[in-house]
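All of the numbers you see were taken from the coordinates with simple rules; none came from a lab. None of the values given here were measured: they were computed from a predicted structure. With ideal geometry, Cβ positions are generated from the backbone for all residues, glycine too; neighbour counts draw on all protein chains shown.
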Amino acid sequence: MSRIASVLLPMRLPEAFDYAEPEGMDLAVGDQVAAPLGPRLLRGVVVGLREAAGGNRPLKPVEAKLDDLPLPLTTLEFIDWAARYSVDAPGQPLAIALRGARAPKAKPEKVVEPTGAAPARSTPAREKVLAAAAGARLSPADLARAAGVSAGVVKGLIDEGVLAVRLVETLPQFPAPDLARPGPALNDSQAAAAEILADAVRARGFNVTLLDGVTGSGKTEVYLEAVAAALAADPEAQVLVMLPEIALTQAVIARFTARFDAAPAEWHSDVAPPARRRVWEGVASGRCRIVVGARSALFLPFKKLALIIVDEEHDTSYKQEEGFIYQARDLAVVRGKIEGASVILASATPSLETLRNAEAGRYRWLKLGARHGVAELPDVELVDLRETPPETGRWLSPPLVRAMRETLARGEQTLLFLNRRGYAPLVLCKACGERMCAPDTDSWLVEHRYSGRLVCHLTGFSMPKPDKCPHCGAKDSLVSIGPGVERVEEEARALFPDARVAVFSSDTMFDAREARRLVEAMEGGEIDILVATQAAAKGHNFPMLTLVGVVDADLGLRGGDLRAGERTYQLLAQATGRAGRHDRPGRALLQTYAPEHPVMQALKAQDRDDFLAAEMAEREISGLPPFGRLGAVILSGEDPAQLEAFARAMAQAAPNAEGVEVYGPADAPLALVRGRRRKRFLVRADRNVDLSAYLAAWRARVKPPAAIRMTIDIDPYSFL
Ligand code: ADP
């Protein structure tokens, strides 16, 4: 009897395709294979096998079984679940899962080894080479250099068979963590939490814990203990630590390395392909036991995942907005369930979703007390910009400048936080009023002075700043409106010419290493004033940082999406939490035009719980997450009439279902992007409704014209 293999391909196809299993190939579910699709051969994964019924038309055969590790069944189950939840094709999450498997292997390097044979004749140069070769495995060129001889001497010994050339993998393997090393002595509150987490990990089985404690309370130390317990309880157990920003990985890796005397594997978009391949294989084979990574690490083929930690769980960076759309924190919980693993969600400002689950008893809730040691939370003051505004064309108010001066005089550091990249968010012609926009896109161009360009942060379009208005032709008429970090840096330099000022934003930090260098400079006290976007507001620990100035605390409250208040609170609490983490007391000044706003009042009082209770009540009344579900459908097309007609047809086709409301179609706030018009539907459903199934059913009822793109976004974070 011959068999049929269902092969899932890493593409946006509705389902797995059937192929015939060639005689003797002996496939198993999870195997990686090469399978033909049209004229191409693609890497795919076997997701099912069944006996051929016979009589059907012949199927194309699987071309080859690949010599790569298979995907574990739990990984396949997770991929399937994620696709169904996101109302997307399973090939999409599979593509993420195969990113490491498809990366090229590192090229092996030549090293020279003694064979044991004695040289026919001995010379001082030859002796030096043999001595060096006995000590270390080096390439022929390095060996000659180490011995201080010419390359010909080494070659002669190789030709004679005294030395042999061997090919070796140069990437370091995964050192085993040293679990006997003790961690720091924990304080009582930490020790109690660590004990409970270690017990949960040892007991095996799925469980979720919210580890809730102010910034600096020592959450990382606590979860390191849970990691140690997981690895010690089972010699095959693996741990995944997820972080919201690449900029944070280096610091966390350093802490893991110090704790276990072995570097964990690193996984994010900056990791070079050969290293990615090695991590993928290490994870699939079980040799790699700790992975620290960004959200896509969740799709790695773990052999035996025992513990997942989602640090800064509230962070909106966990939401992937492009390509395969998913919320990594939520999927981490799903993965934990499938793997039978413990999940720890750590935050000083947990998301309302997680808090709700903790309140309802679905998650365990561990609270850490005060900051570790003598460190205290900073004093938070509101600077009312209506009363003490900065001078015209300036952004730092007199009270903030005064505080900066005092901080500098004490030899301490200031962080100026402004969540806006570039120099100015808007460039306007003072002659004709024209606002510089990206072509075919409803978004302003942001001025970047370092690069001298105007950049669209939405599409990536950029152009040199013109010297006359492209609209009216007036010369030197373009003015920069509003501040970005580069402009605040300019102001700080002008105010304090002797201070060492630096900028930390995704434009100035090109990769993880560069970010690490800046963080180290800050830790080492080589910077007096750091102007930073949210990239620096999270997670870091700067001993000499005692003043945080929030340049525009109202920024996140504008635009009014569902999470505006919550997000602003989280971000500002994180930013202000950077101050005074050690023995020096910290201060935070928030510049605001709305000091009476509940978010500002909560930040001032440092009363998280009151603020969250009020937010929670509002969401409950309106049935919004976490009390209800939201989904968005975004349609885009170049032809406005066609888009309009399809959006109307789609509205007609919406299934009637109890507990579901469909709003729209409406023009998206960003109604034009890259020449495509955009329309949106918003769907609200009660918690007990399977919103993914509803949207899948809706989509099945319509067939968009080829020129119209439809995107479904479950639990949207962006309402643009
Ligand atoms: P969080 O993750 O809650 O922000 P961290 O774990 O980073 O807090 O701890 C803040 C600082 O306090 C770090 O420098 C950490 O090394 C230190 N720390 C925390 N707990 C202890 C402890 N028990 N002993 C010594 N140092 C600690």
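Please work out whether segment 209-268 counts as rounded, prolate or oblate from its C-alpha gyration tensor, where a ≥ b ≥ c are the square roots of the eigenvalues and a/c under 1.5 means rounded, while otherwise a/b larger than b/c means prolate and anything else oblate? Taking the square roots of the gyration eigenvalues as a ≥ b ≥ c, segment 209-268 is oblate. With one equal scatterer per alpha carbon and no solvent term, the Debye-computed log10 I(q)/I(0) for the chain at 0.07 1/Å reads -0.60. Only lysines eight or more places from Lys155 in sequence, or on another chain, were considered; those with a Cα closer than 26 Å are Lys107, Lys110, Lys128. Between amide H atoms placed 1.01 Å from N, distances below 5 Å from Cys437 occur with Leu445, all of them 5 or more places distant or on a separate chain. Segment 309-378 and segment 583-609 have their alpha-carbon centroids 23 Å apart. If you take the square roots of the eigenvalues of the alpha-carbon gyration tensor of segment 198-238 and sort them as a ≥ b ≥ c, do you get rounded (a/c under 1.5), prolate (a/b over b/c) or oblate? Taking the square roots of the gyration eigenvalues as a ≥ b ≥ c, segment 198-238 is oblate. For segment 238-353, what does the alpha-carbon gyration tensor say about shape, rounded, prolate or oblate, given a ≥ b ≥ c as the root eigenvalues, a/c under 1.5 as rounded, and a/b over b/c as prolate? It comes out rounded by the Cα gyration axes. Under 23 Å Cα-Cα from Lys319, which lysines qualify once same-chain neighbours fewer than 8 residues away are excluded? Filter leaves Lys219, Lys337, Lys538, Lys679.
Only beta bridges with both residues in the chain are counted; by DSSP, about 55 percent of them are antiparallel. The ranking of Glu566, Glu596 by Cβ neighbour count inside 10 Å, starting from the fewest, reads Glu596, Glu566.
For the peptides 668-675, 296-303, the ranking by packing is 296-303, 668-675, with the highest mean count of neighbouring Cβ atoms within 10 Å listed first. Listed by chain and number, the lysines placed with their C-alpha closer than 28 angstrom to that of Lys475 are Lys430, Lys465; residues fewer than eight positions away on the same chain are left out. Our note on the geometry: Cα centres of segment 183-222 and segment 462-484, 54 Å apart.
Pairs of Cα atoms nearer than 8 Å and 6+ residues apart set the relative contact order; for segment 205-328 it is 31 percent.
Based on DSSP H segments of at least four residues, each scored -39500 (n - 2.57), the chain has a per-residue ellipticity at 222 nm of -10000 deg cm²/dmol.
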